1. How do 55, 145, 209 rank when sorted from fewest to most other Cβ atoms within 10 Å of their own Cβ?
2. Can you put 248, 214 in order, fewest other beta carbons within 10 Å first?
3. At 0.36 nm per residue, and after removing the present C-alpha to C-alpha distance, how many nm does the segment from residue 175 to residue 279 gain when stretched out fully?
4. Of the peptides 174-185, 98-109, how do they stack up when ordered by the mean number of other Cβ atoms within 10 Å, highest first?
5. Could you list 291, 215, 56 in order of exposure, starting from the residue whose Cβ has the fewest other Cβ atoms within 10 Å?
6. Indicate the gyration tensor shape class of region 193-305 (rounded, prolate or oblate), computed on the Cα atoms with a ≥ b ≥ c the square roots of the eigenvalues: a/c under 1.5 is rounded; otherwise a/b larger than b/c is prolate and the rest oblate.
7. If you average the alpha carbon positions of region 89-152 and of region 226-305, how far apart do those two centres end up, in angstrom?
Amino acid sequence: MTRQRSVPLVQLTAPVLVALAALTACGTSTATPDAEQVSTFATSSGDRSDTAAETRNEEAALTLFESAFTAEEPSAARDAVASVVAENAVDRPGPAVGPDAIVDRFEAIRARVPGARAVVKHVAADGKWVAVHWQATADPASETTGEANIDLFAFQGGKVAEHWAMTQSVPPTSVSGNSMFSDLYSYPTGPTAPTEDQEERQRASVVATYDALFREHDASVLSTDFAPTYVQHNPIAGNGTEALQQFFAGGVQFPASESVVSLADGDLVWTFAKAPGAAESDPFVAGDIFRVDGNIVEHWDVVPE
């Protein structure tokens, strides 16, 4: 699912509370997890076939970008966020806990990027997971300003139970000439919506490819799993598999990493990677998004600085 929305990163108005309360009421249980449940929550993916729950979770996560930062009073902002975030939700890698931690994250972005607005670029909901790819910028018309972000939310009982955030400064230029956000792939015969089974196969395939390339450093998958005309949005790499092969053959040394969380929604597969053997509380080293049309045809990422 692809969206582009621009909302101000300011603070909450009281009317938002009504909308948020109604949204949360549409969920299942609003029970919050115990602290010990939260500490192991990332180890399971949840039911990946419950489309209704995924839709509710996605809308709740988007509330944090579209509504929860449009009011004038900081106290109202925190109250509104609390309607979709569990009291003991863990903001990874910790130790911050609860709705205030997520509010503080957005306020820190506003401090770094004066006048920032949140422009949501891509959204995925899969099982308990919701991932949001977005730009923080004072100029929503420009994709070469501000910060690139991927936020990952784990839901339990209709509320956010865990949250991870990745941020990278947006460079003014890129090797490929593509921005970190644009959608450029053109389907030869038009896009088709994959079934749940197809999404799951695509997710497993992309995870295997990612691990082969970044954990095993097996560059042969560039010839077998990527389309020759692959579209690149990483700012330091070029388009096409030939450019990727040159990039990996050029002596660039990547520390080993492997996908530990992954989502599939439509034609996009998202992977979140850590170093092999990393603790659950350790931060992700990268968030990647791959568009699949037979092979991998387009790629975005955020590599935290």
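1. Placing the least packed residue first, the sequence is 55, 145, 209.
2. By the 10 Å Cβ count, ascending, the order reads 248, 214.
3. Full-extension gain reported as 34.0 nm.
4. 98-109, 174-185
5. Fewest-to-most ranking of 291, 215, 56: 215, 56, 291.
6. Oblate, since a/c reaches 1.5 and b/c is not below a/b.
7. 20 Å
Quick note: the coordinates plus some simple rules give every number you see, no bench work behind them. Computed from a prediction, not measured in an experiment: that's the story for all the values here. With ideal geometry, Cβ positions are generated from the backbone for all residues, glycine too; neighbour counts draw on all protein chains shown.
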